[in-house]
Amino acid sequence: MGKSELEKMHTCELYLPGDEDIAREQIKCLDRLYDFNMTRPTEMVKRQQMLKEMFEEIGDNCYIEPPLHANWGGKFVHWGSNIYANFNLTMVDDTHIYVGDYTMFGPNVTLATAGHPINSELRKQGYQYNAPITIGKNCWIGAGVTILPGVTIGDNTVIGAGSMVATDIPSNVVAVGNPCKVLREVNERDAKYYFKDHRIDFFQYNNVSKND
């Protein structure tokens, strides 16, 4: 017996997202996402509880600023702890998205696991494929970044605002552009300056090591 369309979602095979079983499951997730986006800023405890129900995995001290957009409402999303997302995070979570601890997302970031064939006849029939996205620990994903299917980003990496990330990016680098490419490694100057010529005051931020 062949795989169901629901099973093909997580294998990078072509499948039909309009399948009745998929639609039935997806609408339940989208209803819950709608409820999350309707919460008030004073309902932080409620938001935290809802995210634990919506996501496949989510650690402690994660914050998402509504509105959140997600094809499956987070059903296939795996987040660590202490993750922050600003307004309009879009997760095309038709398959799994993994995000490490302490990562931050600027506004209007898109994580897109889904793609469609270049072959126009297959597109006309509605076929789709999905490939997982993995983002490491302690990354900063700048405003307006788009991350495409199958991409892995290493730990401690910064992706510059507006970048289009189509290929893997290693750990401990600053990467920018369309297509996104490594600009440089995180270096000794980054341990001393946080923005242009603004020095880090290590007496004020005494939990930050000069050697980090």
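The values are calculated or read from the model by the stated rules, or taken from the named source; none is laboratory data. Everything numeric in this text was worked out from a predicted model, so none of it was measured. In this analysis, Cβ positions are derived from the backbone assuming ideal geometry, glycine residues included, and neighbour counts consider all displayed protein chains. Surface accessibility is based on the protein's heavy atoms, side chains included, excluding ligands, DNA and RNA. Shrake-Rupley method; radii C 1.70, N 1.55, O 1.52, S 1.80 Å.
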Once the convex hull of the alpha carbons of segment 46-198 is built, what does its volume come to per residue, in cubic angstrom?
110 Å³
Long-range amide H partners of residue 172 with built H, under 5 Å:
155, 156, 157
Over segment 1-55, the quotient of the Cα radius of gyration and 2.2 N^0.38 Å is 1.52
With +1 on each Lys and Arg Cβ and -1 on each Asp and Glu Cβ, how big is the dipole of segment 1-99 about its Cα centre, in debye rounded to the nearest 20?
340 debye
Would you mind working out the magnitude of the charge dipole of the chain relative to its Cα centre, with +1 at each Lys and Arg C-beta and -1 at each Asp and Glu C-beta, to the nearest 20 Debye?
560 debye
Please work out whether segment 132-171 counts as rounded, prolate or oblate from its C-alpha gyration tensor, where a ≥ b ≥ c are the square roots of the eigenvalues and a/c under 1.5 means rounded, while otherwise a/b larger than b/c means prolate and anything else oblate?
oblate
With springs only between Cα atoms under 10 Å, which of 81, 120, 171 fluctuates most in a Gaussian network model of the chain?
120
Summing +1 for each Lys or Arg and -1 for each Asp or Glu, what net charge is found among the other residues whose Cβ lies under 15 Å from the Cβ of residue 5?
-4
What do you get for the angle between helix 20-37 and the principal long axis of the chain? Use alpha-carbon atoms, 0 to 90 degrees, nearest ten.
40 degrees
Links exceeding 22 Å between C-alpha atoms in this model, out of 75/124; 124/181; 28/75, come to 75/124; 124/181
Please work out the Cα convex hull volume for segment 112-189 and give it in Å³ per residue.
85 Å³
For segment 130-174 versus segment 61-123, the gap between their alpha-carbon centres in whole angstrom
12 Å
Which residues qualify? For residue 70, with a placed amide H closer than 5 Å and at least 5 residues away or on another chain, they are 91
As an exercise, take the mean of 1/r over every pair of distinct alpha carbons in segment 1-106, invert it, and state the Kirkwood radius in angstroms.
14.5 Å
With every protein chain in place, what's the accessible area of residue 124 (1.4 Å probe, Å², nearest 10)?
150 Å²
In degrees, nearest 10, range 0 to 90: what is the angle between the Cα axis of helix 44-54 and the longest Cα principal axis of the chain?
50 degrees
